[in-house]
1. So HIS130 passes all but one of these: (1) modelled with pLDDT of 95 or more; (2) part of a loop (DSSP other than H, G, I, E, B). Which condition number does it fail?
2. GLN167 is checked against (1) within 23 Å of ASN182 (Cβ to Cβ); (2) buried (at least 22 other Cβ atoms within 10 Å of the Cβ) and fails just one. What number does that condition carry?
3. If ASN317 satisfies every condition in (1) out of contact with any Gly (no Cβ under 7 Å at 6 or more places or on another chain); (2) within 20 Å of LYS434 (Cβ to Cβ); (3) surrounded by 21 or more Cβ atoms within 10 Å (Cβ to Cβ) but one, which is the exception?
4. Can you list the helices (runs of 4 or more DSSP H) found entirely within segment 1-84 that contain at least 1 residues being surrounded by fewer than 18 Cβ atoms within 10 Å (Cβ to Cβ) and of a type outside the set (Lys, Arg)?
5. Being among the hydrophobic types (A, V, I, L, M, F, W, C) and without any contact (Cβ under 8 Å) to a residue 24 or more places away in the chain narrows it down to one of PHE152, PHE170, PHE183, PHE141, so name that one.
6. Which one of the conditions (1) within 24 Å of LEU116 (Cβ to Cβ); (2) in contact (Cβ under 8 Å) with a residue 24 or more places away in the chain; (3) in contact with a helix residue (DSSP H, G or I) (Cβ under 9 Å, 6 or more places away or on another chain) does GLY176 fail to meet, given that it meets all the rest?
Amino acid sequence: MTIIHISAECYPVAKVGGLADVVGALPKYQKSSEDNSQVIMPFYDNKFTKENAFTTVYSNNVTLGNNLIGFNVLTLTEKPLDFDVFFIDIPDLLFREYVYSSDDTERFLAFQIAALDWLLTWDNYPDIIHCHDHHTGLIPFMLQESYKYEAFRKIPNIVTIHNAQYQGWFSHLKVGLIPPFNFDHVGLLDWGGTINPLASAIKCAWHVTTVSPSYMEELKLAANGLESLLSAESDKCSGILNGIDTDVWNPETDYYIEANYNIKTVKAGAEANKKFLCDTFNLDFEKPLFAFIGRLVGEKGSDLFPEVFKEALDNNNLNILLLGSGNDFVEQQLETLKKDYIGTYNAFIGYDEKLSHIIYAGADFLLMPSRVEPCGLNQMYALRYGTIPIVRSIGGLKDTVTDISEENGFGICHNNVTISEITNAINRGVTLYKNQKKYKKTRNTIMEIDHSWHVSAAEYKNLYKSIN
């Protein structure tokens, strides 16, 4: 089976969010003696493309409305990745330092059309075309309705929704950019009076997945206007939980962390990483260390951190360490806190990949009080490294973390994103840490939980077979 993933992001080539992590890992775990999984993505002007050599495998022009635009299909000359990635190079539109911009309608439409035009030249067509988010959301419509892609009518296509808040809306005045189709079916593009690529994908795809079962159910109640559509199309919708790349996220081999360890040596290994963090950020090694890694945005609940941290630090014997960036006002508040809580609180405003790995390995608890979390990967990384997650029960967090008060529970959960509930969850963490016997048993338990892509890849394979 040949599977083609079409996406705007793919780690380590270009990453803005979790979409890149999924597209950068799932194909690797889908490859086998029977299956060949490949990725098609835009060619950006970024660090990865500057540091690697590329070979042109195809050249042509793409028609975008009345414009004829040249494009190339490139592949990596060497093979640094575990799967094949093909790059659509449209210098006039895609070759930029950033992934997203204000003219994304034209940029990603040209990308989608060029990708399909190239696939038309293949001697053997793919068995599955797997699209990701609204940036590739018009592909299911074009496969079904555009005259030039009639040869693809019988190829199953899937769309995975990573974040339904972003839908790619644009005016019907730009409908001429889409390759000619039977205009009687223009309604398949529309939702709420505009062309909505994500809505069109939901209508036209053979199957729709989200990145966790709970997120799929939540979208039927809150999907930025797509609730009724997802409910109407529920028979072809399902949630498949994302996995993590356990080759990359492995405390036994992770070259980023200060000391490697496994479940038998976790005490010494975790303590060595915690000591590094405490020495580096002037924190007390003897106290429990609570950490946050992520974007400082409303979706993550991080706007409440200044008040949460003050209350938690004033009333508990603990450390807090934050790694993240985002809202300027929140950043400023979190920086200001440093002078009031010297020795118990610190923050690194920005992002550092190495530091993030050390925090997963050295922190005692990871905070994730998200308002929206389609899947979440941070909690899975934390579990893998023996760091107990403190999460709001929503989306993928609900599917991956069971409260310690329940049978076979291992994390700390709360239901609402409020200062009092987050603070209370932190208090529960302090209580757990004081009971070192229970804490260590829980740490061992979570390190054995399997959230690898092997599990998720098997679910996708079963899905592909069911619609093929």
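The values are calculated or read from the model by the stated rules, or taken from the named source; none is laboratory data. Computed from a predicted model, the values in this text were never measured in an experiment. Here Cβ is always computed from backbone atoms with ideal geometry, including for glycine, and neighbour counts include all displayed protein chains.
1. (2)
2. Every listed condition holds for GLN167 apart from (1).
3. Condition not satisfied by ASN317: (3).
4. Of the helices (runs of 4 or more DSSP H) lying wholly inside segment 1-84, those with at least 1 residues that are surrounded by fewer than 18 Cβ atoms within 10 Å (Cβ to Cβ) and of a type outside the set (Lys, Arg) span 47-51.
5. PHE183
6. Against the list (1) within 24 Å of LEU116 (Cβ to Cβ); (2) in contact (Cβ under 8 Å) with a residue 24 or more places away in the chain; (3) in contact with a helix residue (DSSP H, G or I) (Cβ under 9 Å, 6 or more places away or on another chain), GLY176 comes up short only on (3).
Results for (1) under 29 Å from LEU463 (Cβ atoms); (2) surrounded by fewer than 23 Cβ atoms within 10 Å (Cβ to Cβ); (3) in contact (Cβ under 8 Å) with a residue 40 or more places away in the chain, shown as yes or no for each residue.
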| site | (1), (2), (3) |
| --- | --- |
| PHE95 | no, yes, yes |
| VAL99 | yes, yes, yes |
| SER102 | no, yes, no |
| GLU106 | no, yes, yes |
| PHE111 | yes, no, yes |
| LEU119 | yes, yes, yes |
| ASP123 | yes, yes, no |
| HIS130 | yes, no, yes |
| ASP133 | yes, no, yes |
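Yes/no matrix, rows are residues, columns are (1) small (Gly, Ala, Ser); (2) modelled with pLDDT under 95; (3) more than 21 Å from LYS148 (Cα to Cα):
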| position | (1), (2), (3) |
| --- | --- |
| THR49 | no, no, yes |
| VAL57 | no, no, yes |
| ASN61 | no, no, no |
| ASN72 | no, no, no |
| THR75 | no, no, yes |
| LYS79 | no, yes, yes |
| PHE87 | no, no, yes |
| ILE90 | no, no, no |
| PHE95 | no, no, yes |
